[in-house]
Every structure is written in C-alpha cells, then in structure tokens.
Amino acid sequence: MIQFIKNIFQESSKNMRITLYVLIGLVVLFGIFAIQILFWGLGYTDMNNNFTWGAWIIGDLGLVALGGGAFTTGYFLYIFRVDKLRPLISSTVLIGFMCYLFTFVFLLFDLGQPLRCWFGFAYPNWGKGVYPASMLTEVFFCLSIYFCILVVELIPVVLEHKVLIKNKVVAAIAHYMHLLMWTMAAGGTFLSFFHQGSLGGGMWGVLYARPVWFAPHFFFMAIVAAMAGGTSFMTMMPYIAGKIMKKEVVPMESYQLLTKISGMIFIGYFVFRVYDVYTGIAKFAPMAQRNYFDMWGGYYGVWMLVLEFALIISALFFLNQKKYREQEKFMVIGACSGIFAIVTSKLSVLLHGFSVPNFPWKSFTAYMPTIQEWLITLGCFACMILIYMVFAKWFPLFPHLEHHEAHDESHH
Amino acid sequence: MKKIDRKDFLKIGGGAVVGGLAGYTLSGAPFLGFQWLVEWSQDQYVPAPGIEKYVQAVSDSCTNGCKVSVRMIGNRAVKIESKDGVCPACLNGLQLLYHPERISTPMKISGKKGSGNYQPVSWDQALKDISSKMNALVNEGKANTIAAVNKNESLNGQLMEKFVRNAGSNNVYYEPSLNSITSNALGGYVKYDFAKTDFILSFGAKLVEGWGNAVEMQKQFLNWKKNNVKIVQADSVCTRTGGIANEFVGINPGTEAVLAFGMANYLITAKRMTSSGDDFAKWSQLIINKYPLGKVAKLTGVAEDKIKKLADDFAAAKNPVAVAGKGAHGVSGSSAEIIAVYCLNTLVKSGAATLVKNSAVSYTAEFAGLDKFIKEGSFSMMFLNGSDPVYKSVYGEELKKKLEKAFVVAIAPLMNDSAVYADYILPPLSFLEAETPESKPAVKALKESKDAKEIIISLAAMVDKTKNALPKTSADAYKSAGRETAGGKFSFNFEKIKADIEAYEKKLGQNAEYPVTLVPYEAPLVGDGDGLAFPYVLKSIDPSVLNLGKFYVMMNKETGKKHGFSEGSSIKISSARGKLGKAYVHLSDVVAPETVAIPLGFGHESYTKYGNEKGLNPKKIMTADVDPLTGAADWWSTRVKIS
Amino acid sequence: MIVKDSAMKRKWGMAIDLDKCTGCGACSIACNQENNMPIFEDDSDVPKRVAFLELMKVTNDRDAKFPDVKTAFLPKMCQQCEGNAVGKHKADPPCVSVCPAVATDVGDDGVVSQIWSRCIGCRYCQTACPYEARVFNWWKPEYEGSFKNSLSTDVSVASRGTIVKCTFCSHIWKRERDKATANGILDINAVLYTPACASACPTGAIIFGDLNDPESEVSKLAKSDRAVRLVNTVDDETPEKQKALMSKKQYANPKVYYLTSQKWLRDMMRFKKNS
C-alpha cells in the first residue's frame, strides 16, 4: 500500500506533486479544525447574531447551484436523448454527487447541534398542506433523496471499472442501470427543482421581514440560475481535467453543445435577474419603505451587482454566438463568466444581505471568515478535487477517453 | 413435532435479530440514545431546586436606603425586585453576593503591595493587629497620621468618621460626591425641592442618569413630565438628560461656569437682581468686568440673544432652579462654577434650593478635600471604607506611592485598585446579608464576612481612645445616624475663588499644543466605574462604548473629518499630564465640535477579572488643578491633543 | 373549582414609553437575572452577546447636527411579531414558519416560544428576524463558581449551539397560574403577570398586559397616537393602503409598541427620514 502511494508520487510531475501536497495538507488541516468546531462550537467562527451565516452557507449555495448542472445534463441526456452529452455524463454525475456530499458536510458544520441533525426528519415543519412550511425542511428531504439518486447514478461509473466489468453479473447490472437511468434523471430533475429553488432562493425569498431578500420569485430564479451556471460548470471541470491530463477527455462537440445549452439558459436567467432587480427597486423595497440602492452599502456595495451583471453579459455574449463559442478560448471565457456570475450572485445574497442594517441607527456590517472557516471550506474543496482526481485516474470517468485508448491500443 | 435442525435455528435466530433490530429502530430508542448523547456530551448545569419564597431586604450601605424583595429558591437568592426603584449599586447586589471573586475572610498581605497576593487570617488576628498599630500611633502622638476615605455618607461611613475623629485624627475624607463638593463650596449641600419647581436649568447635571439620588430623581422625573416642568440642559454632550430636556443648549466643553457667569451678569446688570450671599458686590463686579455677554457668547458658543432669552425665561419662571454638579456619578469640583450656578438661584430667589448639612458628616478635614489630601498630605495609616480613590482620583498614581509606604486597611467585598495596596482587607456583607432595624438578613452571610458597621465598632472597641466613643452595637448605631440640619450662610468666598474665575478665559482660549477638549460621559450601569465588576453590567454596555475589546471615544463628525479620523479609526489622546493607550473613534454629532467624549468607569487595574483591563481610565491624563474650596480636582474638561 | 372557559383569551403585548425611559438599565439587569443569562469574563463581543434585552442607544445624528441633537435609549427585546394573513397563508411571525425542526412556535397567547432542547442550531430563525431579537449560544453558557447560586429554576440553562430568546418571561405566567391552580382556579385566563423587565422599570415606562382586553392599559396605549412600532413601516400608511399592502405581503406586526411624542425619535425608528 505504502509502495503504491509512493509510486503515485514518483510517477507524477513536479507540479502535480506540489498540488497533491497542498491538497492533502488542506484536508489534514480540515480534519484538525473540524474537531475544534465540532467539539467547542461555533464561537470560533466570525458568524454572529447579526451575520448568522457565513462561508459555509456560501459554499452550500455555490455547490448546490453549480451541482445543479448534474440534473440539467442528466435531463437532456436521458429524457431528450441528446447523446452528444454522453461523454460528459459520468463526470457530471460525480461532480453533482460531490457537490451534494459536501453541501451536507457544510450544513453539518453550520448546525450548532450537529448531533440533533436528524430532528429535521423526525420533527419536520410540514405545516398543514402538502408543502412544507419551512424551506429548510424541503431542503432536508429533497437534498437527501436527491443525494440517494446521485449515488444510484454514480454506481454504473464504479461498476464500469475495467476490473469489475469483467464480472458478468456486474456488467449486466451496469447495463440495466444505464437503461433505467432515465427514471432517476426524471426523479432527480423533479427533486432538484424543489431544493434548487428552496436552498438557492426560496429560503431567502420567504423572509418577509427582511426587505433585502424578500422576493416571492426568488425560488424560481434560483432554479434557472442553477441550470445556467451548473451547465457551464459541468463543461469547465472536465475541460480543466483534460488540460491537466493533456488528453482529449471529452470531444469538443460535447463541450460546444453543453455551453450552447448553458448560454441559452443564461438568456432566461438574465431576463429573470433584470426582472428581479426591477421588482426590487419598484415593488419590494418600497413595500418596506426602503430604497433599493440605499440597501447596497458598506463593503458589499453596488459593485457586486455591477460585477454580477458584467459576468452574465459576458457569458451571454460568448456562449450565444456561434463564432465565439466555437473558438475554444472564448468558450472558456464565456463558461467561466457564467460560473462566476452565479458564484457572485450567491456571495452577494449572503454577504450583502446580512450586511444591511436592521435598525435605522446602525450601519452596514462586515464579515471576515476566521482561519477555521477558511480551512474547513478550502479543505472540503481540496477533498472534492482529490476525489475527482482519483476517479479520473482509476475509474471510467471519461468514456470517450477509454474508447480512444482502446482504439489506440488495437492500432499498436 | 419436527425437530429443529441447525438451519432452522439459524433462520429463527436471524429472524429474531432482524426483528429485534427493526423493533428497536422503530421504537425510537436509537433516537433517545442520540438525545442522551447530546445531553451527555454537552452536560449543562442544572440549578438546584428548592422552595420558592420572598424575603425583604433593606440597604444601609447606599445613601438611598433601597428596599427590595428577594426571590429565594431554597436558600439561594435568585432575583431582587423592587417597586420603588433601586440605586445602581444595589441593582448589582445579587451579583456581588455571589461574585466568585468575593472576599469572604479577612486577608493579610503576603507579597509585595499591589501584587494582589493575600492569605486568609482570623478576624481576631486582623483586628488585633490593626488596633495595636492604631494604639501605637495614638500613643506616639501621631494620631493625625491616621486617615480614612469613605465611599459615601451611609451609616458605616458616619461610623468610620466618628471612629477616626475620636482617635484624634482630622483626616476623614469622602470620595468626591455631589454633597461633599457642594458642601465645601457653599457651606452646606444643596437640597433641591424638585417637586415644587417649574423650571430647571441644569449646567451639565445628568439629572436622570444617576445624578444625586438616582432613585429619587427618577421619581422626580415622572413628576416633571406630569407637571410640565420645563427642563433646560446646557452641556457639551447630549446625553439622555439632554434628550429628555425641553431644550438642549449645546455649549463648548468646560464652559458651564462661563455660561452661568454670563447669565448672572445679564440678570444683575439688565434686571437689577441681587444676591444675599457674602461678597456679592465684589463677585458681581468681577463678573461684570471680566465676562460681558459678548465674551461669554464667544467662549460658550451660545449666541448672546440666546443667553439673554435663557436668563429671561429663568427669571420669569415661578419657582426656577439652577442645578450645578456635572456628571451622573463622577463629579468634579470647581467651586467657582458651583457658586456661580447657586448664585443664579439666589438672584431669582429660588425657593427650590436650600443649603443643608448632615449632623454626622462634617466634610471639613485637615485638607479641603480628598484630592488635595492625596496631593499634599501624608499618612501612616489609612482606612479605605469601601472606597477606591486610586481608581477614582486623578491623583491615583500619587496615592499608590503613598499607600505603599503606609499601613492600609481596606473594607471591601471585592478587590479593587486601592484595596490591592492594603495590608489587611476586611470583608463586609452585601446588603442582602445584613440586618437592619427594618429587615432580617435575606441570605446567610458568606463565610466570615461581617457587617461593615460591626467591623468598625469592634475595631473601635479595641482602640483605647475610641473605646467608648462609638455605639456598642450596630442596632445602636441607627439611633445615632446623622440628621439633616440647616446649612451655613451662602458666601461667594470671593478672595479664594477670584483667581479661578479669572483663569477660565485663559483655560478656554486657543491652545496650539492641545487643540481639542476631552470630556467624560457615563454609560448606563457602568457609572464612574463601580459597575464594571458585574457581568450583567458588562452585558448591557452599548457597542458604541466597548465592542470586541475595543474602547470607543465619541467625536463630532466634522471634527473627525478635520483631524483625519473616520468611524472606527484608532486614536491616541494625550494631555499635559500624560497619554492614554489606544482607543477607537465613534463619530457622533451628540458631541460638541472640537471635543472628544470618553466613557468614564473603564480601565480598572485590579477590579476582578470582569472589571480588569477593559478600556481606559481617562482620569490618568485629566487635569488635576485642585480647587481651593472643595479640595477636589476640577478634572471634567481637559485640553488634549489627538493623533 | 372554578373553570369558566378554557379557551385562551389573552394576547400578551407590551408598550414601552420611550419618553419615560432614562436608560438606567434596570430592565437589562432584571432580564439577565431572570433568564439565567450566561456569564462571560469579557462580554464586549456584542455581535455574539447572549442577552434577551438590548438597551439600544438611539441618537438622531443621522438627521441633525450638534446642538440640535437628541439621545434616547430603546430597550429592545423580542417584538413577538404577529404577522398578517395573506391569501391562504395564515398570519405567523417571520421566525416560526422557517424553523425546520418546529423548535419555535407562536402560542395562542401570542407569545413566540422557543424550545431550547429541540433547536438544532441552524440559525434560520435568526436570519428571518428583523429585530435581531434571537440570540445564539456561540459558546457554551458559563456561570463561574458561586454565580451558579443565583440561577433560577424556572428557565433552563441552554446548551451550546442553540437559539434562545425572550419569551415575555412566560415562565412567570406559568408560576402565577400554578399558584392560582393551587388555590383551585383552573381557568387559564384567570391571572395576569408582569415580565421581569416591566416590573423592574423604576419609571413605569414598560407596560405589559393583554391586548385582547380593550380595557387594559396596554391596549389603550397601543391605540394611542404616541404608539409606533419599530421599523414596521406599514403602520405609516393610510388604512386603505395598509389593507392593500397587507393583502400582498406579510409584515412583522410586532406586539411591542413604543410610545413617544418626540418626532425625532419616531423618525429614527424608520429608515427614511421624515416618513
């Protein structure tokens, strides 16, 4: 085993070795600070009674929204049978799975009483009707069930490992799972609509006493945001992996197609976001006798809004014009703009939202994560990258690549 | 019957295990297990139950004599309640009672003075040691080197005064209070009849924030509202009293006296009013010559017409009263100011301000007052009766040096900045444990603590010269408690304060080196510092005073801009006497321009872990000019530079 | 035994006369003592401070310059919001519907409760609260040494990582009801009570009582011209506009009314000047 690990390091290039050291270092520090937070509580964070949530909720919002690419891609592949997306699907499912896994991890850290996390299932706040009263109850249930679906979707990727697939039973299971995957994709899409809406937007939109967030349409806008940003994210991850591996892991036409889809959804998102700002200015802020632009101030000023729109427009520009999209460089710029637009929107929901004073005699507040919050956040991201690397190296994450390699071998 | 073979057995066994597990899971037991894990991993203290009852307690250690009802659970006091209002000191009575750092046995110093190292001793040994030291001093004819500083004029303060005076010393002082200062300036303290007045002109007196008798003033405040009494507050910081006033007259810092001069000037010259006080002619001549309205307007920042209008309104009221004595708890002693304000009362023949005295409290000692005594006096033995002059006096550092050389006895329930220099610390009871003629002890006394009155009485019994001078028991002490008597005749004491009146103009003028003025203000419950040892006081401090360990001073927005400070930027303040550590700026226009307002009551050095090292003590750099009549320093406003 | 009607008639509310408040802080001490607030060596971490009642200092230097300035103190506790019904949504406080574990609820006496042992510490209710009235135990509540002796048995000491809040001292009501029950009176509406802050106020600025009883002092004060609710802007609109707005959106609708005749203070309780 030790020899095996040694070999990995020896086989890797110098840059890769440094990357591995950094990532593993982050994971170790994550473990250390995790113990501190879990045993001695959240006092070590910079969250407080006014800034009740911080880095981890930003992480949650970002991960879930970008992980939303998984259900969108799955939906297009399995329901619409857009087979060009197949080379991307394993990577997409894995990323989706990790995004959700670490969302749970972040949520657990954010709970003051992690040992009571099951209360969310045991004493759900359903209210009287079909819909839960609390957006978090919806998040609890949808997220858990969708996570199970992602696990099921991920199983074929593991089963198709070249050692396992030799077993006939395994091969049969993998085959039939693939055939039935559309049910999972459909269920996943259905569930995703709910939790994307609730965790991404509805959770904030229902806070009727906080004019900075209150917006009944926030729920739906978050779904569109997740579809738009998620698809860009699902393009960029295998693209970066391919660049690092110096191999064509996914054919260019698959990227083109997914970014095209992303670009189209971004049109919808742009319209929705403009509507959102417009209603904020014209309707919801005045309903609470607030001026929309007065609510932007302090460190998280209106520049966040400007930045977000600049990124959205950049994504729109590069992803929706064939001549740009078909140039790799511009496709990358467009997709990255899309990802960062969504990340910025999540940052501004949280940072700007909490910084707004609740009392007229108070001023804007600010938040700076402590070392514990930084390392737990970055440690989780490092974990995700390591898992992705493991899958890229030893599992059939990129069927296109396997196919080519097999092809190459037969040539020799 | 079929024989059960091995396979069946395994099946049955397996089934039982599976069924059992399913049942266990469905029963909810694992969840209970989780719950138990939660409780076990975060075990929380559960207060001991007991029978609920209410007992009454009366305080004789505060000047108000607060009456409270104590809620008891078993033998634990859990809450004090009162229908009549409670003074700030008694409000914290319960936290003092159960303070983890409370001193509960007599302590003898066991290290260097000021180090805070003490060891418990018996009462017998402590009293024997103290009384023999005292007897020796008396016998050597050095009785006058025995001194005492009382916290207040309560019964134990009166007993201490009697004790030390009878031992042959004239050095009995009180921490500067409204009563002690006005007594020395006017020949008696002012008894205000706020119930009968219709116009109150306050020169920076924080009338509803603890000034005078806090409980009484709150009652008066309600009356004023009911009777539409007009309140005018002249101050350089708009505190809550400024907020409740019908009119807030913003003045430049430290110009309260000058405003009074100006108003007197106007009433004397334009309205032909006179005062019956001695030396009035000389005083009025000086004021008329030295402080014409134009100059007063320039110095105070109040327009000439406005001063005239104020004076007219004041004179036209049926029973107006002018109130001196800046501050809520901390008082500073300029007799020129106190006399000028009182003069206004005599000019309009106010019926709401009369001079009185307490038969058991003389306020006359070897030196005019405490600060003068600290500065110039010497002592070989010192009794600190609940007082903390090292912290509260601007001469704290000088006092430290003198305490180091003397034999010091502190009667204190908690360590404080002065008691830490004591050779002996004697623990008094909190008012909840003390017995009074009106009430039995509400709670059993903590360990060996004793009533402060009893401590003084038993000490007196062991000193030859005072053996028969004091009442034999605390119960007898109540009979000899001081009574209010008529005060002396009001005098302007012209010769003594003449120089101070003239000095105002120079003090307030341009000062290139120290361009801005530092004035104190007091936060609720903290007062001038006594509250800071109590955690629930710390919980009530506004973030504009102390936030995340940062201590804030207030500064006018435009002044801030002019001197290059923005909200939250750090500031260093220094005066001719020294410099303060780092503070932070809170910009607020409740402060006059070119003024820095600093919270009082912070920066303790040895006042329990709760009170220590929080913020700064501005008295370390505040002006220390001792007033000739009050003997107290006039520290309220200090010229400083900021960087 | 006297049992008249077991249905709840009470709706507890509070009126705080800011013109009578001197900022003495007696309410704050009483609240901390009554509710077993944790004791820390340095409680200057105001953003993480655990206290139900905050004595807020309010000045008008947003709108005025020296010397036209004013200062007041505003005791702020949980405002026990009521919300308002919109369409099919029934009225509820901003914080109650969001709790994923039903740890908080609004009782039929109008008091927003919090079950500390049910709370999972997600702080969603805190996010929803516009009054910063809910506090989180960021650290384990501590009571050094003999301070434990002053802990009341009526309010349980919360665990680290849970939300706690002002409940209008409803344990005092329970205490009073228990006493009545011992005397054979089983009617839940039989007794009134006074929360710790209201009984501690030396100027009687805090009035507590039943808003459902039109004869109670608090309901009269709540209807007076001097009443203003903190940041609850819908109150400023005309009745028609109010109705229109409240049919579209919920408002906090607190049951704590602040009373003041001072225009500057009314202005300072709104975000827009001169509203």
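Summing +1 for each Lys or Arg and -1 for each Asp or Glu among the other residues whose beta-carbon sits under 9 angstrom from that of A:Met47 gives -1.
For the pair B:Arg577 and B:Asn246 in one chain, pulling the backbone fully straight at 0.36 nm per residue adds 115.4 nm over the alpha carbon distance. For the set B:Lys562/C:Lys70; A:Lys260/A:Lys346; C:Lys11/C:Lys76; B:Lys298/C:Lys70; B:Lys620/C:Lys20; C:Lys76/C:Lys140, the pairs lying more than 26 angstrom apart at their alpha carbons are B:Lys620/C:Lys20. Loop-located trypsin sites (Lys or Arg not before Pro) in region A:78-155 (DSSP state other than H, G, I, E, B) with a sparse environment of at most 12 neighbouring Cβ atoms within 10 Å: A:Arg81, A:Lys128. A cut-off under 11 angstrom between Cβ atoms defines the neighbours of B:Lys151, and their net charge, with Lys, Arg +1 and Asp, Glu -1, is -3.
Expressed as a fraction of 2.2 N^0.38 Å, the C-alpha radius of gyration for chain B is 1.15. If R0 is 51 Å, the Cβ-Cβ spacing of A:Phe317 and A:Leu164 corresponds to a FRET efficiency of close to 0.70.
For region C:12-268, a simple Cβ point-charge model (Lys and Arg +1, Asp and Glu -1, everything else neutral) yields a dipole of about 580 debye relative to the Cα centre.
Peptide A:106-116 is shielded by partner chain Cβ atoms: per residue, an average of 6 of them sit within 10 Å of its Cβ. Note on the protein assembly as shown: dipole from Cβ charges, positive end direction compared against C:Thr260, B:Phe203, B:Val443; the farthest Cα belongs to C:Thr260.
Loop-located GluC sites (Glu not before Pro) across region C:169-275 with a Cβ neighbour count of 16 or fewer within 10 Å are C:Glu215, C:Glu237, with loop assigned by DSSP. Qualifying trypsin sites (Lys or Arg not before Pro) in region B:472-531, where qualification requires a DSSP coil assignment and no more than 12 other C-beta atoms within 10 Å, comprise B:Lys472, B:Arg483, B:Lys489. Using only Cα atoms, tell me the angle between helix B:256-269 and the longest principal axis of chain B; keep it within 0 to 90° and round to the nearest 10. Around 30 degrees separate the two axes. Computed from the C-beta positions of B:Lys506 and B:Ala281 and an R0 of 30 Å, the FRET efficiency is 0.75 to the nearest 0.05. The residues B:Ser430, C:Ser150, B:Ser359, when put in order of fewest to most other Cβ atoms within 10 Å, stand as B:Ser359, C:Ser150, B:Ser430. Once the Cβ-Cβ distance of A:Lys84 and C:Lys90 is raised to the sixth power relative to R0 = 45 Å, the FRET efficiency obtained is 0.35. For region A:98-139, there are no residues whose amide N sits under 12 Å from a probe point set 7 Å from the Cα of B:Ala22 along the beta carbon direction. Against chain B, whose longest principal axis comes from its Cα atoms, helix B:29-41 is set at around 40 degrees. Computed over the protein assembly as shown, the per-residue total of -39500 (n - 2.57) for DSSP H runs of n ≥ 4 gives a 222 nm mean residue ellipticity of -13000 deg cm²/dmol, rounded to 500. Between B:Ala336, C:Val191, B:Gln158, the Cα set farthest toward the positive side of the dipole of the protein assembly as shown (charges on each charged residue's Cβ, about the Cα centre) is that of C:Val191.
Helices meeting the span-like rule in chain A (full DSSP H runs, Cα extent of at least 30 Å along the helix axis, mean Kyte-Doolittle score of 1.0 or higher): A:14-40, A:86-110, A:135-159, A:218-245, A:371-394.
Relative to the longest principal axis of the Cα atoms of chain B, the long axis of helix B:304-316 makes an angle of roughly 90 degrees.
Net length available on complete extension from B:Lys609 to B:Thr274 is 115.1 nm, with 0.36 nm assigned per residue and the Cα-Cα distance removed. Spin-label pair B:Val356-B:Lys467: with each label point 7 Å from Cα along the Cα-Cβ axis, the two points sit 3.8 nm from one another. Most tightly packed first, judged by the mean number of other beta-carbon atoms within 10 Å of their residues, the peptides A:370-383, B:254-267 read B:254-267, A:370-383.
Mean per-residue shielding of peptide B:230-242 is 3, counting Cβ atoms of other chains within 10 Å of each Cβ.
Computed from the Cα positions only, the extents of the protein assembly as shown along the three principal axes stand at 120, 85, 75 Å, in decreasing order.
So how strong a dipole does region A:29-396 carry about its Cα centre when Lys and Arg Cβ are +1 and Asp and Glu Cβ are -1, to the nearest 20 debye?
640
If the segment from A:Val151 to A:Arg17 were pulled out straight at 0.36 nm per residue, it would be longer than the present Cα-Cα gap by 45.2 nm.
Under unit Cβ charges (Lys, Arg +1; Asp, Glu -1), what dipole magnitude, rounded to 20 debye, does region B:182-358 have relative to its Cα centre?
That gives region B:182-358 a dipole magnitude of about 220 debye.
Taking region B:386-421 and a reference point 7 angstrom along Cα→Cβ of B:Lys620, the backbone N atoms nearer than 11 Å belong to B:397.
Any read-out appearing in this document is the output of simple, stated calculations on the displayed coordinates, not a laboratory observation. As the structure is a computational prediction, the values presented were derived from the model and not from experiment. Ideal geometry is used to build each Cβ from the backbone, glycine not excepted, and the neighbour counts take in all protein chains shown.
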